[in-house]
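The values are calculated or read from the model by the stated rules, or taken from the named source; none is laboratory data. All values reported here derive from a predicted model rather than from experimental measurement. So basically every Cβ, Gly included, is an ideal-geometry build from the backbone, and we count neighbours across all protein chains shown.
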Amino acid sequence: MSHAPRLIVLGRDGILNVYREDHVKEPHEWQPIPGALEAVARLNQHGWHVVVATNQSGIGRGLFDMASLNAVHAHMMKLLAAQGGRIDAVFFCPHAPEESCDCRKPLPGMLHDIARRYGVDLRHVPLVGDTLRDLLAAQAAGCEPHLVLSGRAAALGDAELAQIVAQVPTARVHADLAAFADDLLRREHPRAADSVPGELR
C-alpha cells in the first residue's frame, strides 16, 4: 500500500468563503474570503492535499438540493483552479440537526470517513474551522485543531474566544486561512512562508 498523503481538512463556510446566515444556495452566493484560495494553492505547492468537511443542513431543511450544492462546489473548484489550487474532495453532511446522524460536526463521522478514504492517521491531520463545533469534531477525531477568525469566530470577544479555546486547549488560533498556511509552512520550513506571521497564540 502506498504511503498516505499529507492531508489538511478545511471547513467551508467562514474558512474558504464568506459565511452567510441564509446558507450558500447558488454559485454566485459563494464569495471567497480574500487570500483563502491563494492559501490553498500555496499549501498544494508545498505537497499538502486539501479536503473539505462541511455541514450542509440546508439540504435536509429543503433550502437547496444536491444539484445546487454540486453547482456551488463546481464554482468553488473553478475559482481555485484559477489561483493554481485544488481541493481533492468535498465531504459533507446533508442532514438537519434533528436527524441525529453521526456525520454532522461536532461528531467525528465525516473525519473518520476521510481517514478511511485516504488511509491517514488523523493525529497528523490539521483541521481548520471557524466554530467551537469544528474544534470539538477535530478533538473527537484526534485531529490537530485550528480556529480561524475569518467566519463566525470573527464576532467573538476576547472572553468568548478564551472560553472556546479552554474547551479545546490544543487549538491554535489564526486570523484567517492565509495566516494558518503561513504558520504551518513556517513550522515545516522556516523560510517557506512568504507573508507576515499569522499565529495569534
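Annotations for the structure displayed:
- Matching entry among R116, R152 (being basic (K, R) and surrounded by fewer than 16 Cβ atoms within 10 Å (Cβ to Cβ)): R116
- Just one of the listed residues (L161, L136, L107) is in contact with a Cys (Cβ under 9 Å, 6 or more places away or on another chain), aliphatic (A, V, I, L, M), surrounded by fewer than 21 Cβ atoms within 10 Å (Cβ to Cβ) and modelled with pLDDT of 95 or more, namely L107.
- Qualifying residues in the range 65-94 (those that are among the hydrophobic types (A, V, I, L, M, F, W, C) and touching an Asp or Glu at 6+ places or on another chain (Cβ under 8 Å)) - the one nearest to P27 (Cα to Cα): V72
- Of all residues in the range 1-48, those that are hydroxyl-bearing (S, T, Y) and over 28 Å from F64 (Cα atoms) total 1.
- As a summary of the residue check, R116 satisfies the conditions (1) over 22 Å from Q167 (Cα atoms); (2) in a loop (DSSP other than H, G, I, E, B); (3) among the charged types (D, E, K, R) except for the one numbered (2).
- Number of the condition not met by E38 [criteria: (1) over 22 Å from L149 (Cβ atoms); (2) outside any loop (DSSP other than H, G, I, E, B); (3) of a type in the set (D, E, K, R)]: (1)
- Lone unmet requirement of (1) over 16 Å from the mean Cα position of the chain (by Cα); (2) at pLDDT 95 or above; (3) within 19 Å of K105 (Cα to Cα) for Q45: (3)
- The set of residues from the range 95-142 being on the phi > 0 side of the Ramachandran plot and polar (S, T, N, Q) comprises just one member, S100.
- Residue among R133, R123, R86 that alone is touching a residue at least 12 places away in the same chain (Cβ under 8 Å) and either part of a loop (DSSP other than H, G, I, E, B) or in contact with a helix residue (DSSP H, G or I) (Cβ under 6 Å, 6 or more places away or on another chain) (or both): R86
- Looking only at the range 119-131, and only at residues there that are surrounded by 24 or more Cβ atoms within 10 Å (Cβ to Cβ) and not β-branched (V, I, T), the one that is farthest from the chain's Cα centre (by Cα): D130
- Residues of the range 6-35 that are in a loop (DSSP other than H, G, I, E, B) and either of a type in the set (V, I, T) or closer than 16 Å to L184 by Cα (or both): R6, I15, V18, V24, I33, G35.
- Residue satisfying condition, being under 23 Å from A153 (Cβ atoms), of a type in the set (V, I, T), buried (at least 16 other Cβ atoms within 10 Å of the Cβ) and out of contact with any Asp or Glu (no Cβ under 7 Å at 6 or more places or on another chain), within set V24, V50, V40: V40
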